[in-house]
Amino acid sequence: MKKITKNNLEQNLKEATSTLLEMARNSCWNKISGNTSYIISEIINDERNFFDKRIERKKANEKKKSKSLEQITAELKDIYENLYDINLYIYKSEKESSIIEIQYYPKSSLESEFYETVKDNDPMLHMKIGIPPYVNNKTEKYDVNWELGGIIYEWNLFWSRLKFKWKYRNRIKNVG
């Protein structure tokens with residue numbers, strides 16, 4: 001893993017973006033644009049379930065104006081000493097552009113005992129692609145924008161639940 005410093009932050013974000021886009025091209029059926037802009041979000045600890053968080057995140061992100069990598073890097077440099085973890089996700093991708101969401105977890109949100117062990121560490125950098133709950137195998141390609149919802153997502157979710165119920169029902173019949 002590369003060392004992320006204040007001086008090489010922008011270059012590391014650029015390289016992580018390229019890797020993220022390539023991961024998406026390998027996993028998703030969409031055309032993934034290399035023309036990127038960015039939004040930024042703080043990761044907040046709370047007890048809500050995934051579905052509620054996804055809806056709230058979507059609403060919050062729709063209100064944000066995407067920025068250039070240089071602008072986002074400047075924002076991250078302002079809080080660099082407090083950065084524990086930086087995660088890149090594809091928020092939305094269309095033919096002409098992709099919006100990358102950079103989520104960061106501040107050191108100040110860590111439990112005090114753990115904070116003491118990492119307070120002087122440089123932040124970690126990760127890139128991730130969310131996998132929809134209806135994808136059953138790693139070779140099946142899916143919509144990169146599934147987290148935004150929509151009719152295709154709802155249909156695939158309904159269909160996967162129906163298939164699961166039938167599969168489970170048949171197992172019980174065969175056992176009994």
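Any read-out appearing in this document is the output of simple, stated calculations on the displayed coordinates, not a laboratory observation. Everything quoted here is computed from the prediction, not taken from an experiment. Note: ideal-geometry Cβ built from the backbone for every residue, glycine included; neighbour counts use all protein chains shown.
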For the range 31-137: rounded, prolate or oblate by the Cα gyration tensor [a/c cutoff 1.5]: oblate
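Once you order the gyration tensor axes a ≥ b ≥ c over the Cα atoms, which shape class does the range 98-138 get: rounded for a/c under 1.5, otherwise prolate or oblate by comparing a/b with b/c?
Details: a/c = 3.21, a/b = 2.18, b/c = 1.47.
In terms of gyration-tensor shape, prolate.
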Under the 7 Å Cα-to-Cβ spin-label approximation, I55 and K119 lie apart by a distance in nanometres of 4.0 nm
Nearest 0.05, what FRET efficiency do N82 and K31 give at R0 = 45 Å with Cβ-Cβ as r? 0.75
For Y84, list long-range residues whose amide hydrogen, built 1.01 Å from N in the peptide plane, is under 5 Å from its own amide hydrogen. Y105, K107
Among K31/K138; K31/K77; K31/K107; K3/K141; K2/K59, the pairs whose Cα-Cα distance exceeds 30 Å are K31/K77; K31/K107; K3/K141; K2/K59
Packing-based order for 9-15, 142-148, using average beta carbon neighbours within 10 Å, highest first: 142-148, 9-15
With a ≥ b ≥ c from the Cα gyration tensor eigenvalues, square-rooted, and the rule rounded for a/c under 1.5, otherwise prolate when a/b > b/c and oblate otherwise, the range 1-47 is oblate
